[in-house]
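The values are calculated or read from the model by the stated rules, or taken from the named source; none is laboratory data. Everything numeric in this text was worked out from a predicted model, so none of it was measured. Methodologically, a virtual Cβ is constructed for each residue, glycine included, from the backbone with ideal geometry; neighbour enumeration extends over all protein chains shown.
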Amino acid sequence: MDPKPDHVEGSDPEIEGAHSEKKPHHQTQIEDFQTKEERLHEFHETEGYIIDVDSASNDVAGLKLAKDGHTRLIPQPSDDPNDPLNWTRARKHLILFVISFASFLPDYGSATGAVTLLPQAVEWNMTPDEVNKSQAGNVFMLGAGGVLVVILSAYFGRLPVVFWFLIAATATAGWCAGATTFDSFMGARILNGFFSTVTQAGGLMFIQDMFFFHERARKINIWASFVVMSPYVGPLLAAFITETKPWPVPFWVYFAMSVLGLVLVIAFLQETYYDRSIPPPPRGSRIARLTGSAQWKSRHLRNTFPQAVMRTVRVVMKPTIAISCVFYIFTFAWAVGINTTLAIFVTPLYGFGPKQVGYFYFTPVVAVALGEAVGHFLFDALAKQYIRSHKGHFEPEVRLRATFFSMPLVIIGLVLIGQCFENKWHFMATSICWGLYVFGMMITTVSLSSYCLDSYPEASGEVSAWLNMSRTLGGFIISYLQVRWAEAQGTKTSFGVQAAVCAAAFVFVLILLRWGKAMRVWAGPLNFATS
């Protein structure tokens, strides 16, 4: 059979590109499934999504629908019971929980150091700001490691990458707890950040693999709540522990949690990568899938390693993704900066000890929980309203409308935090203002993640990694500057500038709302070897 032509009249160019780079001896299988693939592939650059078949004007005969009888299933599942889209609700949500718990660990362990840096500084005869360098190094690697995660996942598959990375993350978590010198501790922290980020950076891959379009915003909301809440739970528990125990104990707790995460992965996590355009390869045994030997045998059905590397480059070159990442850098950075330096601010200002600092961290935990609860209804309400008023169609840019609700809270929260610190307002006022900012960032995070995933669903891993990199890169920079900036100019000015940066960054959202679709059409499809 002749190789597939570069273009087939009337077909979706994104579909054609999706398999144009596969090896020749698989062309027969691919062509046999081509017609089915064109029917299953639901994303169109110029058209958006067609969700509601009651009001959509195009032919929907033969399409699979949700239980409500009119919501189109996107993507269309195959008839294979091993297709993750066909898994039971219980199985999908168990895997979502495992991924969310594993995603909770990186920032939990990272931010644990925000409290322990004070006793560590005493033990190692250093200033807290010097010890904070280990924190900054860990934060940076949380982003850098994520890029490698999605490259390896595109080549090997999802499950073995999570398994091997979590083994290394667990080992380095134990090293953090057992370190006796600052140099040893810093080395352990850097390596732990690199490996522990595996599901935090690639979480959107699993959500994209298992859930339909109309379900994803709520699932992202659940997963994101674990990610955003984790850097506040770490210091909260560490503060209470260090009140009576030496600083390594919180890290031993983190080690135990890492062990639990690894056990959950071994027991319950499944390989979710599934290509519906070709016959499914042999799955292999559970051990083979976990360690990667089964995926290794079928690697020729996915991306070559150079293709896997270039996926990350091609995604960030799309203007909507690049703009989204820049926006995220300039808004989430302050969350990391505040969190990693909070003890340095509130300890002398309010005379707090470790226990009082721990109580203070209940504020962002509650704020994230409230953000998750509001987002559970907000995102679906915005989507349904748009779909009703646009004859069943949906555009990814609709996801960004939630930021009109969240960004004013982010800006006001930052301004008032600076006022609280400089004017020595009551700590309850500081707590509420901090909560406003965190609540706003929770909504913003889900909004941005959903938008990027809806824009390029075939790049779920790459999108996830770049957003994670943006979040941690901004935090890495601010972790070095936050304290010295406040000392030099005062918190009123420094936090006021941070608020102004967030306000200016909101212009990027307005640009995406106005011209995002045009930019996506102009940039064209990704044409990946696989989705």
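Some observations on this one:
- Screening Phe156 with (1) within 19 Å of Ser464 (Cα to Cα); (2) modelled with pLDDT of 95 or more; (3) among the hydrophobic types (A, V, I, L, M, F, W, C) gives one miss only, at (2).
The rows are residues; the columns are (1) over 12 Å from Val233 (Cα atoms); (2) touching a Phe, Trp or Tyr at 6+ places or on another chain (Cβ under 6 Å); (3) among the basic types (Lys, Arg); (4) assigned to a helix (DSSP H, G or I).
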{"site": "Val366", "(1), (2), (3), (4)": "no, no, no, yes"}
{"site": "Ala373", "(1), (2), (3), (4)": "yes, no, no, yes"}
{"site": "Phe379", "(1), (2), (3), (4)": "yes, no, no, yes"}
{"site": "Arg388", "(1), (2), (3), (4)": "yes, no, yes, yes"}
{"site": "Arg399", "(1), (2), (3), (4)": "yes, yes, yes, yes"}
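- Restricting attention to the range 318-357 and to residues that are of a type in the set (A, V, I, L, M) and modelled with pLDDT of 95 or more, the residue that is surrounded by the most Cβ atoms within 10 Å (Cβ to Cβ) turns out to be Ile321.
- For Val313: the one exception among (1) surrounded by 14 or more Cβ atoms within 10 Å (Cβ to Cβ); (2) outside any loop (DSSP other than H, G, I, E, B); (3) hydrophobic (A, V, I, L, M, F, W, C): (1)
- For Phe255, the test of being closer than 23 Å to Leu118 by Cβ, assigned to a helix (DSSP H, G or I) and in contact (Cβ under 8 Å) with a residue 40 or more places away in the chain is passed.
- Residue in the range 207-220 that is touching a Leu at 6+ places or on another chain (Cβ under 7 Å) and of a type in the set (S, T, N, Q) present: yes
- Residues (within 19 Å of Asn86 (Cα to Cα), part of a helix (DSSP H, G or I) and either in contact (Cβ under 8 Å) with a residue 24 or more places away in the chain or of a type in the set (Val, Ile, Thr) (or both)) located in the range 188-216: Leu204, Met205, Phe206, Ile207, Gln208, Asp209, Met210, Phe213, His214, Arg216
- Considering only residues in the range 78-90 that are in contact (Cβ under 8 Å) with a residue 60 or more places away in the chain and not aliphatic (A, V, I, L, M), the one that is farthest from Lys64 (Cα to Cα) turns out to be Asn82.
- Of the residues examined, Val521 is one that is closer than 30 Å to Glu395 by Cβ and surrounded by fewer than 17 Cβ atoms within 10 Å (Cβ to Cβ).
- Selection status of Ala429, in contact with a Phe, Trp or Tyr (Cβ under 8 Å, 6 or more places away or on another chain) and either within 25 Å of Asp68 (Cβ to Cβ) or aliphatic (A, V, I, L, M) (or both): no
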